[in-house]
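This report refers to the structure that appears directly beneath it.
The values are calculated or read from the model by the stated rules, or taken from the named source; none is laboratory data. Since the structure is predicted, the reported quantities are computational estimates derived from the model, not experimental observations. In this analysis, Cβ positions are derived from the backbone assuming ideal geometry, glycine residues included, and neighbour counts consider all displayed protein chains.
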Amino acid sequence: MFVNVFSSTEGRGEVNVHLNKKGKTTHNGLLLHGSLVENKWDMNGDQFKDSPNRQQLNGMYRWKYDGPAGCAQFNVQALTDRRQSGQFQDIDGYTAPRFEIDQQNDRIEAWGKYGKEQLWGKQFLELGNIIGASWHRTRSQFGPNTYAAEQKSLYWQTLFQNIIRNTNHKILVAPSIQYDDIQESVNEGRLDRREFVPGLMAEYTFSRPTARMEIPDLVVVLGGRIDWNSRFGWQATPRLSAKYNFTEKSIVRISAGRGFRSPNVVAENISLLASNRAFQFSRPPFGNPDEKLGAEEAWNYGVNYTQNFKIAQRDASFSVDLYRTDFVRQVLVDVEQPPLADSTMVVYFYNSEGNSFSNSVLLNFQYSPLPGLDVKFAFKWNDVRAEFADGKLKTIPLVAQQRGLVSVDYSTPNKRWSFNTYVQIVGPQRLPDNSFLPHELTHDFPPTTPTFALLNAQVTRKFGSNIELYAGCENITGYQQHHAIISADNPGSPFFNGSQVWAPMMRQVGYLGVRWSPSGLE
C-alpha cells in the first residue's frame, strides 16, 4: 500500500492510493487518483482566471502473470476530467455574455500483452502479442465555440522473433491492425472519419560479439513496415539504426527513417478555440473547400554520442544529440493572415507545399562531485521552420529556439533529507504576426518574447522507513506573462484571442505533501 496526499496554494488537493498484491505467478495492482482545484486567481488583472478549476478521478487496475504458460499483462483504466475557466462575472460595465471555458473528458482504455519463449519447443522462437481498445469522449465550450468528439480505437499486433543460424542474427516479423472511428464537430462543421490500417513490420538485427566487453560493440537494426491506410492508401516506412561501442564508456548511435502520421488538427490545436477566429480547412484566402488534409510524411535522421568518464574519481557523463526532420508533407496552422472584409479573423489549416523542417541539438552533462550530490546541465537548440501560403519561410510561432536546464539534487548520507532544485531557461519565441490588428490591442505583444527563467525547489524529510513529508515552491522568482489575452476587456470583439500564451500566468505556487506506506518507502 502507498498513499500520497498533496495540497498547493493554487487551490489544489490531491490523493493517490496504490494497492498491490504479489503472488507466486500472479500479481495485482489498483492505482487510484483524485484531485480538485478551486481558485479565483487573477494575478495579472485581466479579469480572466489564471488557472482553471479542475476535478479529476482516475483509476487503473493491473494484472500480471509470469508462469509456465508464458508472461501476460492486463490493464484497464478509467478517467473523468472536467476543467472550467474563463472570464470572471464581476466585470464593471460589461454586459455582453462572458467568455467561459468548460471542458469535459471521459476515457476508458483496456490493453494487454502476452508472450512466450521457446514457442513449440524451439529455443529461440519467441511470440508476443499486444492488444488494446479505448473509448474517449470530449465536450468543450470555449465562449461561443463548441467542440465535441468521440473516438473508438482498437489496436492489435503479433510478433514472432527467431534467430538466423546463431544469436548474432535475429529476425522479427509483426503483423498489426489499427482502427479508429472518430466523430468530431467544431461549431456547425463536421470532421467525422474512420481509419483502418492493416500492416506488416519486419526487422533484422545484427550484433557483433567481442571479447573486450560483455556487450556487443556493434548492433545494427534494419527494419521497415508497409501499411494500407483506408484514407491515404499504401505507406512504406523504412528504418535503420545502429550503435557502436568504441569502449564500454564511449557509445555512438545513429538512426534514419521515414514516418507517416494522421493529423487531428483541431484536438492538437485546441487552444485556438479560445478566440473568436473562424476555422477554414484550406489555403488562404479562398482555397478549395474540397481540399483534403493529407497524412503528414517526413524523413528524420540523427546521431547521439555518449561519453562516460570520471572527474576526481567521481562519475560523470556527457552526451550530444543531433537530429533533423524533413517534412515531405505537413499540415500547417496559419494564424497570420489578414482579417476578412467584415473583420473576421480566420485560422487556416492546409498542406505544406514548400520547405518544412526541424533541426535540434541537445547537450547534456551530469556529474556527481560529492556523495549524494548530483548536478545536471542541459541545453537544447531548436530550428523549426515552414514555408507558409505567402511563400515565406518562417519560424513556427511559440517555439523557443533555445532552452536550458540546471538541476542540483542532494541527499544526506542517512537519506533522511533530500533537496531538489532546478532552473528552466526558456529562450525567445516568435509570436504570431499581429500587425493586422489595431495597435491599441497589440502594443503589449512584442514580435519576440524575452528570455526568462523558472526556478523550482523542493525539500523532503523522511521519518523512519514509512513516512515522507515534502514541501516546495514552483516559479520562486514569480515570473509572469502580464498580457496574455488580446482584447481581454471585450471578449465579443473579432480580435479577441487567448491563444498566445508563452509564460506562466501565476506567480509563486507553494505546495505540501506526505507519502506513506506501511511496508516502507524505497
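Structure notes:
- Residue check, HIS18 free of Cβ contacts under 8 Å to residues at least 24 places away in the same chain and under 25 Å from the mean Cα position of the chain (by Cα): yes
- Residue satisfying all of: in the range 140-149; touching a Ser or Thr at 6+ places or on another chain (Cβ under 8 Å) and free of Cβ contacts under 8 Å to residues at least 60 places away in the same chain; farthest from THR80 (Cα to Cα) among these: THR146
- Subset of the range 427-472 (residues that are surrounded by 18 or more Cβ atoms within 10 Å (Cβ to Cβ), within 25 Å of the chain's Cα centre (by Cα) and either hydroxyl-bearing (Ser, Thr, Tyr) or more than 23 Å from LYS380 (Cβ to Cβ) (or both)): THR449, GLY472
- Test result for GLY143, at positive phi and of a type in the set (Gly, Ala, Ser): yes
- The number of residues in the range 226-255 that are closer than 25 Å to LEU322 by Cα, part of a strand (DSSP E or B) and not small (Gly, Ala, Ser) comes to 13.
- Each residue in the range 189-208 was checked for being surrounded by 14 or more Cβ atoms within 10 Å (Cβ to Cβ) and not in a strand (DSSP E or B), and 1 of them qualify.
- Matching residues, the range 225-248, being modelled with pLDDT of 95 or more, surrounded by 14 or more Cβ atoms within 10 Å (Cβ to Cβ) and farther than 16 Å from THR306 by Cβ: ARG225, ILE226, ASP227, ASN229, GLN235, THR237, ARG239, LEU240
- Breaking point among (1) modelled with pLDDT of 95 or more; (2) on the phi > 0 side of the Ramachandran plot, for GLY86: (1)
- Hits in the range 108-128 (condition: over 16 Å from GLY67 (Cβ atoms), assigned to a strand (DSSP E or B) and in contact with a helix residue (DSSP H, G or I) (Cβ under 9 Å, 6 or more places away or on another chain)): GLU126
- In the range 133-175, the residue that is modelled with the highest pLDDT out of those that are under 30 Å from ILE101 (Cα atoms) and touching a Phe, Trp or Tyr at 6+ places or on another chain (Cβ under 6 Å) is LYS152.
- Only listed residue being in a strand (DSSP E or B) and either on the phi > 0 side of the Ramachandran plot or surrounded by fewer than 16 Cβ atoms within 10 Å (Cβ to Cβ) (or both), chosen from GLN161, GLN178, GLN183: GLN183
- Any strands (runs of 3 or more DSSP E) falling wholly within the range 276-342 and containing at least 3 residues that are surrounded by 14 or more Cβ atoms within 10 Å (Cβ to Cβ), of a type outside the set (Gly, Ala, Ser) and in the same structural domain as PHE377 (by TED's automatic domain parsing): 296-311, 314-329, 331-334
- Counting only residues that are under 25 Å from GLN77 (Cα atoms) and assigned to a loop (DSSP other than H, G, I, E, B), the range 18-53 holds 4 of them.
- Residues that are closer than 30 Å to ASP433 by Cα and either surrounded by fewer than 16 Cβ atoms within 10 Å (Cβ to Cβ) or in the same structural domain as ASP334 (by TED's automatic domain parsing) (or both) within the range 404-420 comprise just one, LEU405.
- Criterion (without any contact (Cβ under 8 Å) to a residue 24 or more places away in the chain and either touching an Asp or Glu at 6+ places or on another chain (Cβ under 6 Å) or not β-branched (Val, Ile, Thr) (or both)) met by exactly one of LYS292, LYS249: LYS292
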